Amino acid sequence: MTRLANIINIVNLRDVIDILIVAVLIYFVLKLIRNTRAEQVFKGVLLILLFIKISQFFQLYTVNWVFSRFINDGIVAIIVLFQPEIRRGLQYLGLTSNIKNNFGQNKKVVPESVEEIISAVGSLARQKIGALIVIENQVGLSEVIETGTEINGKVSSGLLINIFIPNTPLHDGAVIIKGSQIKAAACFLPLSDNQKISKLLGTRHRAGIGISEKSDCLSIMVSEENGSISTAQNGVISRYLDLETLETKLMELYSPDFLTNPLISKMRGKNEED
């Protein structure tokens, strides 16, 4: 009890705040690299640090020197290799409240935009027309938009369907949507290099996953082979979705308040149990 009392006396409010800040930073770093290639490297670095401590304890000086040099010299290599993940993290840090409120400025636009996207995806799926739609969230996609043809038109089912009609000028590539606007079409997306992705998935799905690894967007893919609907978020793909599930995902993105609806929460809980 005496030792505990001494520790309490030594620790002040500043120390508590200091520890909490570090804990929060570690939490967000782990959340950021989850389900990415950086996650495995992070585990490897932790393992090397453990070996360094073990070698110090057993006085294995050569082993300690090798692992220490690896950590010191490997920092630069890690920065170069994982530039996309680092960039993504800096983008998150640079977010402002103005960006977060973009979708909430006009409450009437939210259900209308979702309805138009759902209608278009449903029609494309029934006709087995391949499509790739990316909905920007908080992390901007300006560089991706610049690779395509700028449209800046209101989100509408007819426009989305016409864009993806085979053999039309803009059908090959991704459509980028921001809020209630179709920003661009025929955009080029980075392909995911995740080795765990099914070999059955083609370029369209890999592109949808790839852009979701580099931003917090929602990617919607429609297969031209079987008309199945898939989505990707944070590098994780969800396949064979129905329109009701897709609508829920869109409402989560466009209107976070949607999740507080008791009826929706009950439905989500029931689905998770099933």
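The values are calculated or read from the model by the stated rules, or taken from the named source; none is laboratory data. What you see is a predicted model, and the numbers here were worked out from it, not measured in a lab. Here the Cβ positions follow ideal geometry from the backbone for every residue, glycine too, while neighbour counts run over all protein chains shown.
Numerical summary
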{"quantity": "Only listed residue being within 30 Å of GLY210 (Cβ to Cβ), among the hydrophobic types (A, V, I, L, M, F, W, C) and modelled with pLDDT of 65 or more, chosen from LEU95, LEU25", "calculated": "LEU25"}
{"quantity": "Condition check for GLU143: outside any strand (DSSP E or B) and among the acidic types (Asp, Glu)", "calculated": "yes"}
{"quantity": "Unmet requirement for GLN138, which otherwise passes all of (1) modelled with pLDDT under 90; (2) part of a helix (DSSP H, G or I); (3) assigned by TED's automatic domain parsing to the domain that holds LEU250", "calculated": "(2)"}
{"quantity": "Whichever residue in region 192-211 is touching a residue at least 40 places away in the same chain (Cβ under 8 Å) and not acidic (Asp, Glu) and, among such residues, is nearest to GLU136 (Cα to Cα)", "calculated": "ILE211"}
{"quantity": "Residue in region 175-195 that is of a type in the set (Ser, Thr, Tyr), at pLDDT 90 or above and out of contact with any helix residue (DSSP H, G or I) (no Cβ under 6 Å at 6 or more places or on another chain) present", "calculated": "no"}
{"quantity": "Of residues in region 124-143 being closer than 15 Å to MET221 by Cβ and among the aliphatic types (A, V, I, L, M), the one surrounded by the fewest Cβ atoms within 10 Å (Cβ to Cβ)", "calculated": "ILE129"}
{"quantity": "Residue tally, condition under 14 Å from ALA125 (Cβ atoms) and either in contact with a Leu (Cβ under 6 Å, 6 or more places away or on another chain) or charged (D, E, K, R) (or both), over region 181-230", "calculated": "6"}
{"quantity": "Looking only at region 238-258, and only at residues there that are assigned to a helix (DSSP H, G or I) and farther than 17 Å from ILE135 by Cβ, the one that is modelled with the lowest pLDDT", "calculated": "ASP257"}
{"quantity": "Of all residues making up region 216-236, the number that are surrounded by fewer than 22 Cβ atoms within 10 Å (Cβ to Cβ) and outside any strand (DSSP E or B)", "calculated": "9"}
{"quantity": "Failed condition for LEU159, given (1) touching a residue at least 12 places away in the same chain (Cβ under 8 Å); (2) not in a helix (DSSP H, G or I)", "calculated": "(2)"}
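Listed here are the residues, each with its yes/no results for (1) of a type in the set (Lys, Arg); (2) touching a Lys or Arg at 6+ places or on another chain (Cβ under 8 Å); (3) in the same structural domain as ILE151 (by TED's automatic domain parsing).
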| position | (1), (2), (3) |
| --- | --- |
| PRO166 | no, no, yes |
| HIS171 | no, no, yes |
| VAL175 | no, no, yes |
| SER192 | no, yes, yes |
| LYS196 | yes, no, yes |
| GLY202 | no, no, yes |
| CYS217 | no, no, yes |
